[in-house]
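> After the structure tokens below, expect a handful of questions from me.
The values are calculated or read from the model by the stated rules, or taken from the named source; none is laboratory data. Since the structure is predicted, the reported quantities are computational estimates derived from the model, not experimental observations. Cβ atoms come from the backbone with ideal geometry, glycine included; neighbour counts cover every protein chain shown.
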């Protein structure tokens with residue numbers, strides 16, 4: 001009988017009745033529930049901006065022991081007031097998913113498989129191809145007018161680029177390389 005009373009006293013409803021409580025406090029929790037803690041307990045918080053579009057919703061980045069713990073909307077953000085769209089809410093999975101690519105992959109023309117490249121080698125390949133395309137498609141004159149541009153290259157910027165980055169991109173790509181097609185994904 002004593003073990004039955006002891007067992008019943010662990011049941012939240014019995015505790016609530018015996019303590020004459022309303023069931024909104026600790027008496028309504030089981031031992032297992034009381035032992036639970038949020039994954040963000042003890043984590044440090046950094047404020048950030050969602051990288052997906054030009055809106056700039058605020059995010060709280062929780063990290064503990066040099067490991068990402070959680071990403072949530074920032075309630076103090078005047079833009080999003082703690083809300084995130086589905087893409088912003090999936091930021092944590094984007095960064096921690098086990099199948100996330102973390103190395104540069106290259107598939108040569110007509111190849112059936114990918115090979116890993118060093119970042120330096122990949123950057124050299126991109127630079128060589130941009131320069132070669134520019135040389136091949138550069139137009140100095142058109143209809144008797146000096147145009148000095150290439151129609152073989154274009155640039156589509158990301159929405160998270162700031163004004164300074166966009167300014168430098170515009171100067172490099174139009175002035176330096178002669179691109180006439182420079183746009184930004186935030187506008188689309």
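> Got a number for residues in region 29-53 being surrounded by 11 or more Cβ atoms within 10 Å (Cβ to Cβ) and assigned to a loop (DSSP other than H, G, I, E, B)?
Of the residues in that region, 9 qualify.
> Which of the residues belonging to region 149-166 are loosely packed, with under 13 Cβ neighbours inside 10 Å and modelled with pLDDT of 85 or more?
The answer is 154, and nothing else.
> Which of the residues belonging to region 136-166 are without any contact (Cβ under 8 Å) to a residue 12 or more places away in the chain and within 27 Å of the chain's Cα centre (by Cα)?
Once the filter is applied, which keeps residues that are without any contact (Cβ under 8 Å) to a residue 12 or more places away in the chain and within 27 Å of the chain's Cα centre (by Cα), region 136-166 yields 162, 163, 164, 165.
> Looking at region 141-167 only, could you name the residues that are in a strand (DSSP E or B) and either touching a strand residue (DSSP E or B) at 6+ places or on another chain (Cβ under 6 Å) or at positive phi (or both)?
Passing the criteria: 147, 148, 149, 150, 153, 154, 155, 156, 157.
> Here's a check for you: in region 49-61, which residue that is touching a helix residue (DSSP H, G or I) at 6+ places or on another chain (Cβ under 9 Å) and modelled with pLDDT of 85 or more is farthest from residue 88 (Cα to Cα)?
The qualifying residue farthest from residue 88 (Cα to Cα) is 61.
> Please give the number of the condition residue 104 fails out of (1) in contact with a strand residue (DSSP E or B) (Cβ under 6 Å, 6 or more places away or on another chain); (2) farther than 30 Å from residue 124 by Cα; (3) modelled with pLDDT of 90 or more.
Going through the list (1) in contact with a strand residue (DSSP E or B) (Cβ under 6 Å, 6 or more places away or on another chain); (2) farther than 30 Å from residue 124 by Cα; (3) modelled with pLDDT of 90 or more, residue 104 breaks only (2).
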